[in-house]
Structure formats: C-alpha cells, structure tokens
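The values are calculated or read from the model by the stated rules, or taken from the named source; none is laboratory data. This is a predicted model, so every value here is computed, not measured. All Cβ positions, even for glycine, are placed from backbone atoms using ideal geometry, and neighbour counts span all protein chains on display. These accessible areas exclude ligands, DNA and RNA; they are computed on the full protein's heavy atoms, side chains included. Shrake-Rupley method; radii C 1.70, N 1.55, O 1.52, S 1.80 Å.
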Amino acid sequence: MSVGALFNDPVSLNKRGCDLIERFERTGCIEDIFQAVATLHNAVEFTPDSDINKHARLSNLGAALKIRFEHLGIVEDIGSAIEVLRRTVDLLPDGHPIKPGSHNNLAAALEVRFKHLGNMEDLKCAIGHFRSAVDTTSADDPSDLSRRLYNLGIALCTCF
C-alpha cells in the first residue's frame, strides 16, 4: 500500500485514531485528542455503510468526542458524540453481541450531557439505553451485566 493510500484507508485511520486517544490519556497532550477526533472522523467517512466494521469506527469516534468534551468542555462535542453513538446503536441488528455495549456507551454520553446541561430528557433517554443494555446483555457475561446494572441504578438514583 502506498503512503498516499494510507490517508484514506479506514483501517489505518481507525488504528491511528485509537493510538492517539491512548497517547492523549497517557500524556494529556491536547493536540492528540483533536487529531484523534479528526482521524477517526476520516475513518468513518471512508468506511462504506455496508462495511461490517462501520459500527466500531463510529463507536471509536463517539468515544473520542466524549473524551474531548470531558477534558475541554466543548458542548458541541458531546452532542456530536451522542449523534455518532446513536448511529452505532441503529446500525447494529438486534441480537448483535456488542449492541448492549453500544447502548451502554450511548447512555453514558447522554448522562454526561445531562450532568453538564441539566436537561432531564437526556437522563430519561440515558435510563432507557441503560435498560436496553441490561436487557440485552447475556447472562453468560456476569461482569458486564453487573456493571450495566450498576450504571442503570446510578442513573435511576440521579433521576429520583
């Protein structure tokens, strides 16, 4: 593969974006999280909707946007993260093994936005996605189920 082809190869772009997130979390270099978001955005853009890995690239982009919001408070980032994570949930068919985790990630982003902006609708929507995560998590995975029940419980307590 030529160097030029790497600039539009979604696999390479996704890996590079994830590496930049990891480096940001280790070093705190702000430029890394900005570059991660841009790189992961390109990975998503160069991935056709028919690609079986589209959901993973969307999820990584959503995570990067959420991380950038949590560190820098750019309100548009959390809105974009929620939009991208919604696309991830919608893209996965019911019964897909990672759909519960996608519901959980979306719920977590909605909960973060609720804590920042105080919109009760975000919290209600988060609770719905936490419930979906719990309801669709396999009983064969007790650690994931336990963590998702905990998340749902915290959101319900917050709502109360």
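The table below lists the values:
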{"read-out": "So residue 34, is it assigned to a helix (DSSP H, G or I), surrounded by fewer than 18 Cβ atoms within 10 Å (Cβ to Cβ) and among the aromatic types (Phe, Trp, Tyr)", "value": "yes"}
{"read-out": "From 57, 86, residue being assigned to a helix (DSSP H, G or I), open to solvent by 30 Å² or more (accessible area, probe 1.4 Å) and closer than 28 Å to residue 117 by Cβ", "value": "86"}
{"read-out": "Single residue of 65, 106, 92 found to be open to solvent by less than 20 Å² (accessible area, probe 1.4 Å) and touching a Cys at 6+ places or on another chain (Cβ under 9 Å)", "value": "106"}
{"read-out": "Qualifying residue in region 1-16 (condition: outside any helix (DSSP H, G or I), out of contact with any His (no Cβ under 8 Å at 6 or more places or on another chain) and of a type in the set (Asp, Glu))", "value": "yes"}
{"read-out": "Meets criteria (closer than 14 Å to residue 55 by Cα and part of a helix (DSSP H, G or I)) for residue 81", "value": "yes"}
{"read-out": "Meets criteria (under 20 Å from residue 40 (Cα atoms), free of Cβ contacts under 8 Å to residues at least 60 places away in the same chain, surrounded by fewer than 20 Cβ atoms within 10 Å (Cβ to Cβ) and of a type in the set (A, V, I, L, M, F, W, C)) for residue 98", "value": "yes"}
{"read-out": "Qualifying residues in region 1-13 (those that are open to solvent by 30 Å² or more (accessible area, probe 1.4 Å) and touching a Leu at 6+ places or on another chain (Cβ under 9 Å)) - the one modelled with the highest pLDDT", "value": "12"}
